[in-house]
Each structure stands twice: as structure tokens, then as C-alpha cells.
Amino acid sequence: MPRHPHPPGDRPPQQAAAIPFRVREGEVEICLITTVRAGRWTVPKGFIDPGETAPETAVKEAREEAGLHGRVAGGPVGYHDIAKEGGRYRVAVYVMHVDRVDDAWEEQSVRKRRWTTVRQAEKLLAGRPIEAVFRRALTHIISREPS
């Protein structure tokens, strides 16, 4: 898989996130998870380990945090910054087409998982750092799905 450069003149991402989606009965569904500490709805994300690409990290985090399996659909749909643990981090965001969902997963004891409509996901992510990138991702998701 080709590496996707960070925006020109900007710093490279330290984290990668997946916006997991599937199509059921002709409708796009988005999978959200809760944060460990605050229990707020978000998408799977984590630090990019040495030797790992951002897309590989996005897929790995979706598997660990939500029990989702699938593939990244294209390059990053955007970037956003987060403040976490006293630092500021750049997050590369990818759309991930989910083809399998585990009944049990690694972080199920500390996170909830929820499949929701696009409209409900927009409401749940409102005011979060991912909000603007999520809106851009919707165009990408809808353009990839047959009508």
C-alpha cells in the first residue's frame, strides 16, 4: 500500500484513526466506540508504531478497540489535531470498509461499540476534534458505495 504524505509544510501524523462503515439493507452504517476515560463517542484511533504505516494502524486499532475487520478505502480523508496526555498530536483519518465484526474483542471490557446511522453519528461526533474530517469522509464513503 502506498504511503500517503502529510499535508505540505505540516508535521507528519503520530496517530491514525479509522471511520468504520458498512452497508446494511442499502443504508450506510457507521461504527462508533466510547473513549475509555470519559465514555464519549468517537472512532478507533491510536499511535503509529515504528515500522507501521498509518493505514495499518487504523485497521489495527479498529480490530483492537471495536472488533472490526476490513480494509482502508484509499488515502487519508483528512487530518485533525488532538490534545492528549499533555501533548498535541496529529491524527491521519481513514475510511475503513468493514467486512467482519467480532462478537468479542480485545477492548470490550473498557469500550462500548455502536452501529449507527450517518445522521446519528454526525450528532454524536459534534464538537469533537474528528467532526470536520468525518463530514468530509461521508462524501468519500457515499461515492464508493453502489446505489
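The values are calculated or read from the model by the stated rules, or taken from the named source; none is laboratory data. As the structure is a computational prediction, the values presented were derived from the model and not from experiment. Here the Cβ is made from the backbone with ideal geometry for all residues, glycine too, and neighbour counts use every protein chain on show.
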For segment 59-81, give me each residue that is surrounded by fewer than 17 Cβ atoms within 10 Å (Cβ to Cβ) and under 20 Å from G39 (Cα atoms). E64, D81
Determine whether T57 is hydroxyl-bearing (S, T, Y), at pLDDT 95 or above and under 17 Å from A17 (Cα atoms). yes
Give segment 82-95 a look and list any residue that's within 19 Å of Q14 (Cβ to Cβ) and either of a type in the set (A, V, I, L, M, F, W, C) or within 14 Å of the chain's Cα centre (by Cα) (or both), or say none. I82, A83, R90, V91, A92, V93, Y94
Being of a type outside the set (A, V, I, L, M, F, W, C), in contact with a Gly (Cβ under 7 Å, 6 or more places away or on another chain) and farther than 21 Å from R24 by Cβ is true for just one of E56, E61. Which residue is that? E61
Result of the Cβ filter at 7 Å on segment 25-47, keeping first residues that are closer than 11 Å to K112 by Cα and partners that are among the polar types (S, T, N, Q) and assigned to a loop (DSSP other than H, G, I, E, B), at least 6 apart or interchain, is T42/T35
Among (1) in contact (Cβ under 8 Å) with a residue 40 or more places away in the chain; (2) within 25 Å of P12 (Cβ to Cβ); (3) basic (K, R) - the single one K112 does not satisfy: (2)
Scan (1) closer than 17 Å to V23 by Cα; (2) modelled with pLDDT of 95 or more; (3) of a type outside the set (A, V, I, L, M, F, W, C); (4) in a helix (DSSP H, G or I) for the single condition T139 breaks and write down its number. (2)
Expected single match for surrounded by fewer than 20 Cβ atoms within 10 Å (Cβ to Cβ), touching a helix residue (DSSP H, G or I) at 6+ places or on another chain (Cβ under 9 Å) and among the hydrophobic types (A, V, I, L, M, F, W, C) among V101, V95 is V101
Of the residues R90, R40, R111, R11, which is buried (at least 19 other Cβ atoms within 10 Å of the Cβ), under 22 Å from R128 (Cβ atoms) and of a type in the set (D, E, K, R)? R111
Please go through segment 31-72 and pick out each residue that is over 17 Å from A92 (Cβ atoms) and within 10 Å of the chain's Cα centre (by Cα). C31, L32, I33
